[in-house]
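To start, the structure itself, in structure tokens.
The values are calculated or read from the model by the stated rules, or taken from the named source; none is laboratory data. Predicted model only: the values in this text are computed from it and were never measured. For neighbour counting, all protein chains shown are included, and Cβ atoms are generated from backbone atoms with ideal geometry for every residue, glycine included. Areas reflect the complete protein model, heavy atoms only, side chains present, ligands, DNA and RNA absent. Shrake-Rupley method; radii C 1.70, N 1.55, O 1.52, S 1.80 Å.
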Amino acid sequence: MLVNLALLDMYVKDHFAELQREIEHDRLVDLALGPGRPFRVRLAEWLHAAAERIEGSPRRSVVGAEA
């Protein structure tokens, strides 16, 4: 099998450039979204609000502390 080295080199460079674009895109998405809060914290707040609503307690604003 005859391999065209120029074609192989071009393919490798194109693939490498595509991977770099994907990495840069992911980095920009992470920067745009910010650090965010962990899923378990959001779930705990949602469950706490649901429990208060079921018990009939008045809704109060929750100020979350971050560790």
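Name the single residue that is modelled with the highest pLDDT among those in the stretch 16-61 being open to solvent by 100 Å² or more (accessible area, probe 1.4 Å) and aliphatic (A, V, I, L, M).
Checked the stretch 16-61; the qualifying residue modelled with the highest pLDDT is Ile23.
For the structure I just gave you, tell me whether Leu2 is of a type in the set (A, V, I, L, M), modelled with pLDDT of 90 or more and either loosely packed, with under 10 Cβ neighbours inside 10 Å or out of contact with any Pro (no Cβ under 9 Å at 6 or more places or on another chain) (or both). Break it down into steps so the answer makes sense when it comes.
Details: of a type in the set (A, V, I, L, M): yes; modelled with pLDDT of 90 or more: no; either loosely packed, with under 10 Cβ neighbours inside 10 Å or out of contact with any Pro (no Cβ under 9 Å at 6 or more places or on another chain) (or both): yes.
No.
Find all pairs meeting these conditions: Cβ atoms under 9 angstrom apart; at least six residues apart or on different chains; first residue within the stretch 44-67 and assigned to a helix (DSSP H, G or I); second residue modelled with pLDDT under 60 and β-branched (Val, Ile, Thr).
Glu45/Val62; His48/Val62; Ala49/Val62
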